[in-house]
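The values are calculated or read from the model by the stated rules, or taken from the named source; none is laboratory data. All figures in this text were calculated on a predicted structure; none of them were measured in a lab. Here the Cβ is made from the backbone with ideal geometry for all residues, glycine too, and neighbour counts use every protein chain on show. These area figures cover heavy atoms from the full protein model, side chains too; ligands, DNA and RNA do not enter into them. Shrake-Rupley method; radii C 1.70, N 1.55, O 1.52, S 1.80 Å.
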Amino acid sequence: MSQKFIVDPEFWEIFPDVQIAFLTAHGVDNHSYGQLKKSRLMEANEKAEDWVPYSPISKNPIIAAWREAFRKFKTKKGARCAVEALLKRASKGNGVGAINPVVDLYNTVSLTYAFPLAAEDMDKIVGDVHLGVAKGGEPFYPIGEADEEPEEALPGEVIYRDDQGVISRCWAWRDSARVESTEDTQNILFYMENIQPERKEDHEKAVQMLKDSFKEYLNVDLEDHLVTRDHPEVTF
C-alpha cells in the first residue's frame, strides 16, 4: 500500500517559502562500509567550520535563520535545529564520529552544506507522514528513551508525525526512537529542509551529494522529490 508525505496547510501559513527535499531508499545494507572512506566524514567536519566562523554561534547567518524560524512556533525550552548541534561540535574541534554507513553519509552531507537531514525507518511508519502543527498531546519517544514515558507535543509546535505519534519534535530538532533508522533498517526515508530561498543552489547540491554517495558506497539509488507550497505532497 502506498503512503504519502504531506505538508499540511498550517505549516505553509507560517513558512510559505520553505523547500523540503524528500528522498527514499530501498534495499539498503547498512552493515558494511564497503569503499566508504571515513576521511570524508573528517573532511566534512572541517568544512563545517566554514559555516560558523563567528562567536557566539548565534551570529552566524545559518544559525540565526534557524533560530528565527524556531521563534515562530511553540518549542520545548532549549530546542534548536539539529544542524546547529553538528556545526557547534565541529567549530569546537569535536567533530562527529563514524556510526554506521547511512548515518555517516547523511552527516557528511549535513556538515558539508549545513542543512538538517533526518533518516527514518520507512517500515516503521504508520500511515502517512505529515509535517504540520501539533494540536497538543501527541506522543513522542525520544531516541535513547524509548522505554520511558512518552513526551507530549505542545499545542502549536511544528512536528513531523504519522498516525501513531510524533516522528520529530520541534520540526528539525529531535527524532523518535520508534522510527529510528538502525543498522538493520533496509528502507529509509529522508527529509532535508531549506528555510533560506537564497540557498536553493546549495540545497540542490546537497541532495545530489546524498544521492551520489548512496550510489557510490552502498549501490543504492535514491528517489528524490522537492516539496513546496505549490507541491505539498508526494507518494512513496
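For segment 57-157, please report how many Lys pairs fall under 23 Å Cα to Cα, leaving out neighbours fewer than 8 apart on the same chain.
Taking segment 57-157 as the scope, the lysine pair count is 14.
Report the Cα centroid-to-centroid distance between segment 90-106 and segment 146-168 in angstrom, as an integer.
26
I need to check one value: relative contact order of the chain, counting alpha carbon pairs closer than 8 Å and at least 6 residues apart, in percent.
Working: 470 pairs, mean separation 84.2, N = 236.
With pairs under 8 Å counted, the relative contact order is 36 percent.
Spin-label point model (7 Å from Cα, Cβ direction): what's the Asp230 to Glu10 distance in nm?
Here the answer is 2.7 nm between the modelled labels.
Using the heavy atoms of the protein chains and a 1.4 angstrom probe, tell me the accessible area per residue for the chain in square angstrom. Before the final figure, lay out each step's value.
On the way: 11310 Å² over 236 residues.
Spelled out: the 1.4 Å probe surface of the chain, per residue, equals 48 Å².
For a Förster distance of 35 Å, can you work out the FRET efficiency between the beta-carbons of Gln186 and Tyr54, rounded to the nearest 0.05?
Numbers: r = 42 Å, r/R0 = 1.19.
Efficiency for this residue pair is about 0.25.
Taking all protein chains as present, what is the carbon and sulfur share of the accessible area of the chain, in % to the nearest whole number, probe 1.4 Å?
Numbers: 5130 of 11310 Å².
Ligands and nucleic acids excluded, carbon and sulfur reach 45 percent.
Would you list, by chain and number, the lysines whose Cα falls below 20 Å from the Cα of Lys200, excluding same-chain residues fewer than 8 positions away?
List returned: Lys47, Lys211.
Determine the percent antiparallel among the DSSP beta bridges restricted to the chain, to the nearest 5. Show your work: numbers first, answer last.
Values: 33 of 36 bridges.
Bridges in the chain are about 90 percent antiparallel.
For segment 207-212, take each phi angle, set θ = phi - 60°, evaluate the Karplus expression 6.51 cos²θ - 1.76 cosθ + 1.60, and give the result in whole Hz per residue in order, putting x for glycine and proline.
4, 5, 4, 5, 4, 5
Can you give me the relative contact order of segment 153-231 as a percent, contacts being Cα pairs under 8 Å and 6 or more apart?
Working: 43 pairs, mean separation 9.3, N = 79.
Relative contact order here is 12 percent.
Taking the dipole about the Cα centre of the chain, with the C-beta of Lys and Arg at +1 and of Asp and Glu at -1, give me whichever of Met192, Pro53, Ile6 is farthest to the positive side.
The listed residue farthest towards the positive side: Pro53.
So if each residue of separation counts as 0.36 nm, and I subtract the Cα-Cα distance between Glu201 and Lys47, what length gain in nm does that give? Before the final figure, lay out each step's value.
Numbers: separation 154, 0.36 × 154 = 55.44 nm, distance 1.74 nm.
This chain segment gains 53.7 nm when fully extended.
About its Cα centre, how strong a charge dipole does the chain have in debye, to the nearest 20, once Lys and Arg get +1 and Asp and Glu get -1 at the Cβ?
Working: 28 positive and 42 negative charges, 208 e Å.
Taking the Cα centre of the chain as origin, the dipole is about 1000 debye.
If a/c stays under 1.5 just call it rounded; otherwise compare a/b with b/c (prolate if a/b is bigger, oblate if not). Do that for the chain, with a ≥ b ≥ c from the square roots of the Cα gyration tensor eigenvalues. Walk me through the intermediate numbers first.
Working: a/c = 1.38, a/b = 1.10, b/c = 1.25.
Verdict is rounded for the chain.
For the chain, what does -39500 (n - 2.57) per DSSP helix run (n ≥ 4), summed and divided by total residues, give at 222 nm, in deg cm²/dmol to the nearest 500? Intermediate results must be reported in sequence, preceding the final value.
Numbers: 6 runs with 69 residues, N = 236.
About -9000 deg cm²/dmol.
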